[in-house]
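As structure tokens, the structure follows; a few thoughts come after it.
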Amino acid sequence: MDRIILIKYGELSTKKGNRNYFINTLYNNIKKKLENCDVKITKDRAHMYISFKNEELDTIKNIIDKIFGIHMYHIAHIVNSDEESIKKKVLEISQAKTFSTFKVETKRSDKNFPIHSTEMNNILGTVILKNIPNIKVDVHKPELLLKVEIREKNTFIYSDNYLGSGGYPVGTQPKGMLMLSGGIDSPVAGYLAMKRGVTLEAVYFEAIPHTSLEARNKVIKLTEKLSAYTDKIDLHIINFTPIQEAIYKNCRSDYCITIMRRMMYRIMTMIVKKYNGYVIINGESIGQVASQTLTSMNVINAVTNIPVIRPVACLDKLEIMDIARKIDTLDISILPYEDCCTVFVPKHPVINPKLDTVIKEEAKFAYQEMLEEAVETLNTIVIPTIEKEFSDLL
């Protein structure tokens, strides 16, 4: 083994007393995601190390790019911590590169190593200059930056920097329930919640025949994209048809969206309690649509005592779309299959609803039993999943 993946924690290193908990959670997450690869994972308080087979490197990189809690990683060469071994490997790495300017940065973690960092930089730089023609040192903007970390037993040498997903490892926070529609915003909200360590389950409200099986499959595909950032996601599918039809049959059209969202929040509250969740998560962005004005949010939120997290609340649409592109959900989200939040939108939905008016409108039909029925009859699939579980829902 002459190379290793060297993982740096970043934000995890600020956790002081809880540091081991965060590192151990990250270790377990990486181990789970790489269970089908031939790797060996070790850790300490500053770094994690993955030994690997060369033919699996690209696969491993694609996986760890989506593991939260990793600030940065490097593909590092390993040599013994002696001057000649380090010089030999630094020259070998340099000769395999094409560059005209370079810099060497040495970090001497082992203070018993007899050569100080600055002196080692000069020694290694001289070796490179003597053996590779037409190059020079540039300490400000080098084309090749070689980093040398000298430890007690081994030295790590690398010239690459791969940015990780950052954040905290999924599982360092308890469960949140994501209101996942087929739109652009809610998958991004789920991604950002997981980035803060939240364990995620998702809830999809469908209203067949007013919404389609294609709309459901769209949400399943979005959940699959999100599941790449964790081990699995339970997707709970709610039959919202009877409730939605009752709303539009009995209530003022301009208040229907407000009442529909309040019914969804009531259902979410029941689901959070049923599945031992802690928060509701959604993709609401302030002012984007009628139900997302501050007045509307206040009236809608009044039906629940569960905390509601809105990760994209203060982002504009272009910012949200940029993240959606990054996590590869945008092309799925823009597929032309409507969900129950868009299929019955009135021409002029109320922007500043009145709570007393909403309560009067809701009193026009008996909804509590319908809400309980929706929760009792929900269907759950675990994603990633197998084909049979899809067919069971049809």
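Each peptide in 265-277, 128-140, 318-330 was scored by the mean count of other Cβ atoms within 10 Å over its residues; highest first, the order is 265-277, 318-330, 128-140. Relative to the globular-protein estimate of 2.2 N^0.38 Å, the Cα radius of gyration of the chain stands at 1.26. Between ASP316 and ARG151, the contour length at 0.36 nm per residue exceeds the alpha carbon distance by 54.8 nm. Partner lysines whose Cα lies under 25 Å from the Cα of LYS364, excluding those fewer than 8 positions away in the same chain, are identified as LYS249, LYS347, LYS354. Relative contact order of region 3-163: 26 percent, from C-alpha pairs under 8 Å at least 6 residues apart in sequence. Near ILE383, the amide H atoms lying under 5 Å from its own belong to ILE233, ASP234, LEU235; only residues 5 or more places off or on other chains count, and H is placed 1.01 Å from N. Here each label is just a point 7 Å from Cα along the line to Cβ, and for ASP356 and ASN112 those points are 8.0 nm apart. Projected over every direction and averaged, the convex hull enclosing the alpha-carbon atoms of region 170-391 yields 11.2 nm².
This model, with +1 at the C-beta of Lys and Arg and -1 at the C-beta of Asp and Glu, gives the chain a dipole about its Cα centre of some 1220 debye.
Dipole of region 197-268 computed with +1 at Lys/Arg Cβ and -1 at Asp/Glu Cβ about the Cα centre; of PRO209, TYR248, TYR265, farthest Cα towards the positive end is TYR248. Residue exposure proxy: SER296, SER109, ordered by other Cβ atoms within 10 angstrom of their Cβ from fewest to most, comes out as SER109, SER296.
Say the dipole of the chain comes from +1 at the beta carbon of Lys and Arg and -1 at that of Asp and Glu; which of ASN62, ASN239, ALA374 then lies farthest toward its positive end? In the chain, that residue is ASN62.
The mean sequence distance of close C-alpha pairs (under 8 Å, at least 6 residues apart), as a share of the length of the chain, puts its relative contact order at 17 percent. Considering only beta bridges that DSSP places wholly inside the chain, some 55 percent are antiparallel. Give LYS107/LYS225; LYS195/LYS274; LYS15/LYS53; LYS43/LYS141; LYS53/LYS88; LYS40/LYS136 a once-over and call out the pairs whose C-alpha atoms are over 28 Å from each other. Check vs 28 Å cut-off fails for LYS107/LYS225; LYS15/LYS53; LYS43/LYS141; LYS40/LYS136.
With bins 10 Å wide beginning at 0, the percent of Cα pairs of region 3-163 falling in each bin runs 10, 36, 33, 19, 3, 0. Simple rule: put +1 on each Lys or Arg Cβ and -1 on each Asp or Glu Cβ in region 219-352, find the dipole, and look at THR230, ASN352, GLY283; the Cα lying farthest toward the positive end is ASN352. Put a plus charge on the Cβ of each Lys and Arg, a minus charge on the Cβ of each Asp and Glu, and nothing anywhere else: the dipole of region 18-129 about its Cα centre is then about 400 debye.
The relative contact order of region 170-391 comes to 32 percent, based on Cα pairs under 8 Å that sit 6 or more residues apart.
All of the numbers you see were taken from the coordinates with simple rules; none came from a lab. Nothing here was measured: the structure is a model prediction, and the numbers come from that model. Here the Cβ is made from the backbone with ideal geometry for all residues, glycine too, and neighbour counts use every protein chain on show.
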